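Note sheet for the following structure.
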Number of protein chains: 2
Amino acid sequence: MTSPSATPGPRYQALLQLLRTADTLWNASRVFFARWNLSPSQFNVLNLLYDQPKGCSQIKLGRLLVMHRSNVTGLVDRLEARALVCRRDNSTDRRAFNVMLTPAGKKLIRQIQPHYHKAAAEVWGGLPLKRANQLVAELIAVSANAECIAERVST
Amino acid sequence: MTSPSATPGPRYQALLQLLRTADTLWNASRVFFARWNLSPSQFNVLNLLYDQPKGCSQIKLGRLLVMHRSNVTGLVDRLEARALVCRRDNSTDRRAFNVMLTPAGKKLIRQIQPHYHKAAAEVWGGLPLKRANQLVAELIAVSANAECIAERVST
DNA sequence: AGTAGATTGTCGATATGTCAACAATGATTT
DNA sequence: AAATCATTGTTGACATATCGACAATCTACT
């Protein structure tokens, strides 16, 4: 007989498995993108910029990628060194850059995307649509709870 | 009318949301453990060692934490410098150390665990047990698929 | 206009993570 | 026993991530 609300239990297992799965996914994506000599984060930058033809400030990039400004600097530096991305002056705000894909960057991301979407679909195997939607909802709830806890602690 | 097997779709959203949620959880845990001046990885080391009273080699620690040996070196270094962990010679294998908790380390982990379990439970809110178990099963399947893809690519 | 406060990007310090290479040791094979 | 191969931990080079401090700039208010 198990106590009806034992603390560790299945919910705790779910938490551990969630983190572990994400780690596995991230590592798999590292292996996956290595073919094009890109890190997952670098791919994310290119992928995001692909949807922003007018370019994007670094702080906005950081917000979309959920990372600190200071990290965007180096990420963009390395992509710029490979001419996949360029920094253009922003005419309306002289503090900010406009980061955008170069033609080479566009070409690369177009080349990768079909492989990426195929792999992403495979990862879920035969998960029914209904379950996928339910899962997204649950994960969003978890995110919200975690953020709430973090906020409560830091204040 | 949506196409029955469009590539991005809800499964793709689920993938993104999964990574995002894990990132949020990890960040929340960083804030959470900062109270004790620990990183999430450092906590994981202590937490693992708590269940291994006889100690653990660094390579085994790395496997349990899903990280490379070389990373364990620094992690243990920093915990050792704070006297939360110690390296003892392994009598049967002179290559390996036996990493174990010091009394101070045991004391710290015992102090943290109740807060940790409470927060971990809160994260799931009112998720029914049945759903939690289903989730774990789905996440394990995803892990396996991801690892399979990575292996296929790297070979 | 001028000043005070917020925002943007960079830098340095530090932690976390990878990989390849190395020395020391263990395990196996001949 | 000797040689070969595998494993353990460390190191160095690097990418990724955080934070705090800083200069330049924008914004708002007096």
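Brief remarks follow.
- Top of A:Arg20, A:Arg95, A:Arg87 by mean-square fluctuation, Gaussian network on chain A, Cα under 10 Å: A:Arg95
- Extents of the stretch B:43-117, taken as max minus min of Cα coordinates on every principal axis and listed largest first, are 37, 24, 21 Å.
- Close amide H pairs (under 5 Å, H built 1.01 Å from N) link B:Phe97 with B:Gln58, residues at least 5 positions away or on another chain.
- Peptide-level mean, for B:122-130, of C-beta atoms on other protein chains within 10 Å: 6
- Taking all protein chains together and a 1.4 Å probe, the residues B:Trp26, B:Trp124 rank B:Trp26, B:Trp124 from largest to smallest accessible area.
- Hydrodynamic analysis of the stretch A:1-131 uses the Kirkwood radius over alpha carbon pairs. Inserted into Stokes-Einstein at 20 °C and 1.002 mPa s, it gives a translational diffusion coefficient of 125 µm²/s.
- Dividing the summed -39500 (n - 2.57) terms of all DSSP H runs of n ≥ 4 by the residue count of chain A sets its mean residue ellipticity at 222 nm at -22500 deg cm²/dmol.
- Set of lysines near B:Lys118 by C-alpha distance (under 23 Å), chain-local residues within fewer than 8 positions excluded: B:Lys106, B:Lys107, B:Lys130
- Rounded to the nearest 10 degrees, the inclination of helix A:40-50 to the longest alpha-carbon principal axis of chain A is 60 degrees.
- Crossing angle, helix B:129-154 versus chain B [Cα axis fit, 0-90 degrees, rounded to tens]: 90
- Using θ = phi - 60° in the Karplus curve 6.51 cos²θ - 1.76 cosθ + 1.60, the 3J(HN,Hα) couplings for the stretch A:87-104 round to 9, 10, 5, 9, 5, 9, 8, 6, 6, 9, 9, 10, 8, 9, 5, 7, x, 4 Hz; x is entered for Gly and Pro.
- Distance from the C-alpha centroid of the stretch B:54-129 to that of the stretch A:53-114: 38 Å, rounded to the whole angstrom.
- For the stretch B:107-128, the residues whose backbone nitrogen is under 18 Å from a point 7 Å from the Cα of A:Cys148, taken along Cα to Cβ, are B:116-128.
- Scattering curve values for the protein assembly as shown, log₁₀ I(q)/I(0), Debye with Cα scatterers, q = 0.07, 0.09, 0.14, 0.15 Å⁻¹: -0.34, -0.56, -1.24, -1.34
The values are calculated or read from the model by the stated rules, or taken from the named source; none is laboratory data. Quantities reported herein were computed from a predicted structural model and do not represent experimental measurements. No Cβ is skipped: glycine too gets one built from the backbone with ideal geometry, and neighbour counts run over all protein chains shown. When the accessible area is computed, the model is the full protein with side chains, heavy atoms only, and any ligands, DNA or RNA have been set aside. Shrake-Rupley method; radii C 1.70, N 1.55, O 1.52, S 1.80 Å.
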